[in-house]
1. Going by the structure shown, is N137 within 24 Å of Q255 (Cβ to Cβ) and either in a strand (DSSP E or B) or at pLDDT 95 or above (or both)?
2. Return yes when H96 is open to solvent by 80 Å² or more (accessible area, probe 1.4 Å), at pLDDT 95 or above and within 24 Å of the chain's Cα centre (by Cα) and no when it is not.
3. Of A129, A88, A177, A166, which residue is open to solvent by less than 60 Å² (accessible area, probe 1.4 Å) and in a helix (DSSP H, G or I)?
4. Among the residues that make up the stretch 249-258, is at least one of them in a loop (DSSP other than H, G, I, E, B), under 18 Å from the mean Cα position of the chain (by Cα) and within 20 Å of I295 (Cβ to Cβ)?
5. Looking only at the stretch 276-296, count every residue that is outside any strand (DSSP E or B) and under 16 Å from M336 (Cα atoms) and tell me the total.
6. Does any residue in the stretch 205-218 that is assigned to a loop (DSSP other than H, G, I, E, B) come within less than 7 Å, Cβ to Cβ, of a residue that is open to solvent by 30 Å² or more (accessible area, probe 1.4 Å) and of a type in the set (A, V, I, L, M, F, W, C) six or more places away or on a different chain, and which pairs are these?
7. Could you tell me which residue of the stretch 137-163 is most open to solvent (accessible area, probe 1.4 Å), considering only residues that are β-branched (V, I, T) and closer than 24 Å to M118 by Cβ?
Amino acid sequence: MNHIINIFERSERHIRKLCGLSHQPRGRAVSSRCAGLVLVSAVVAFLTQTPALAQIAARYPRDKNIASDPAVIFADDFESYTNANQLATRRSKVAHVERMRIATEPGNRFSGVKALEMSLPISSREVGASLQKKNVNTDTLFVRVYQKWAPNYHVTGSNHNGIRIAGGTSPGPCTRAPANGRGFFIFILQNNLQGRQGETDPGYDHIYAYWPKQRSGCGDHWFPDGWVVPGGKGDWLLYPARYDDFRAMPNHLPQRNRWYCYEMMVRANTPWLNDGEVKWWVDGKLTADFLNLKIRSISTLQIDTAMLVLGANRTTQVVKKWYDNVVIAKHYIGPMVSP
């Protein structure tokens, strides 16, 4: 019940700002238009933030026919491929297919008899591989994937791996997202070593972010406990009144050689409000939630791309990671359920 109340109160605060009532007593009457906006906003937030009621996977045991759901944009269990070259038939772009393989070994697939393996060679320069789905064109996107790091997974340098959700066109690495919110944004749910206390391979879950308020020209790293690399305390800890819905959570360190269900959500803000959101779940448990974000200032800057990535700089050994049962949707997906 408290969760439901919090959702409605959060929605009311956003709409009161929109109606110019943020500094007036809550008991003061609002117009019928504003009252309607509060109700609609609360209902939408409730449906998208209450996984037990809204998860898509619960309606499709073992993900069978999940692609037919009207909220699903794309789904792939990799069962239909005999080799990695066929991945391009269902995607906008496949980068470095020579570093991919359809894995059939029992330990390297989560469900069914096949999964995707990405493998990076030893290299003194940056190397990578990715699967890209473009033209998703939405304001809210969820990406769920099962993933597993190799037993000896270890990268000492930069290591972008996991789920990437982006909007707009980036000129390239280490180019700041324009502060006016009219350029692009990139959020990657990844794991790599950032020197946090207690961190071991493959590194704590975190968001690698390019957005209008980024601190570093080469992107910022957001952790569930509110810490940001570089800089230490994130804005949500420095300015609690501005980010009054933020709740610090324990950092999550996955184990290597074990399958996890990761799901990431990005909600682009209403252009005149700070109501954007980036969050993720691990095995169906909410792991981090960054709210009250201003990611854009124009409605035409939408989420347009979803990717699975594995990239690293200065690899001293072969680096492998497996992906399976990916789903891209406009609503919360949730972990696969058994019949």
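The values are calculated or read from the model by the stated rules, or taken from the named source; none is laboratory data. The model shown is predicted, which means the values in this text are computed figures rather than measured ones. With ideal geometry, Cβ positions are generated from the backbone for all residues, glycine too; neighbour counts draw on all protein chains shown. Side chains included, ligands, DNA and RNA excluded: accessible areas come from the protein's heavy atoms. Shrake-Rupley method; radii C 1.70, N 1.55, O 1.52, S 1.80 Å.
1. Considered against the rule, which asks whether it is within 24 Å of Q255 (Cβ to Cβ) and either in a strand (DSSP E or B) or at pLDDT 95 or above (or both), N137 comes out as no.
2. Values: open to solvent by 80 Å² or more (accessible area, probe 1.4 Å): yes; at pLDDT 95 or above: yes; within 24 Å of the chain's Cα centre (by Cα): yes.
Yes.
3. Only one candidate qualifies: A88.
4. The answer is no; no qualifying residue exists.
5. The qualifying residues number 2.
6. The qualifying pairs are P212/A179; G217/C174; C218/C174.
7. Taking the stretch 137-163 first, the residues β-branched (V, I, T) are 138, 140, 143, 145, 155-156, 163.
Add one more test, that the residue is closer than 24 Å to M118 by Cβ, and what stays is 143, 145, 155-156, 163.
On the way: V143: 3, V145: 0, V155: 6, T156: 81, I163: 1 Å².
Filtering first and then ranking leaves T156.
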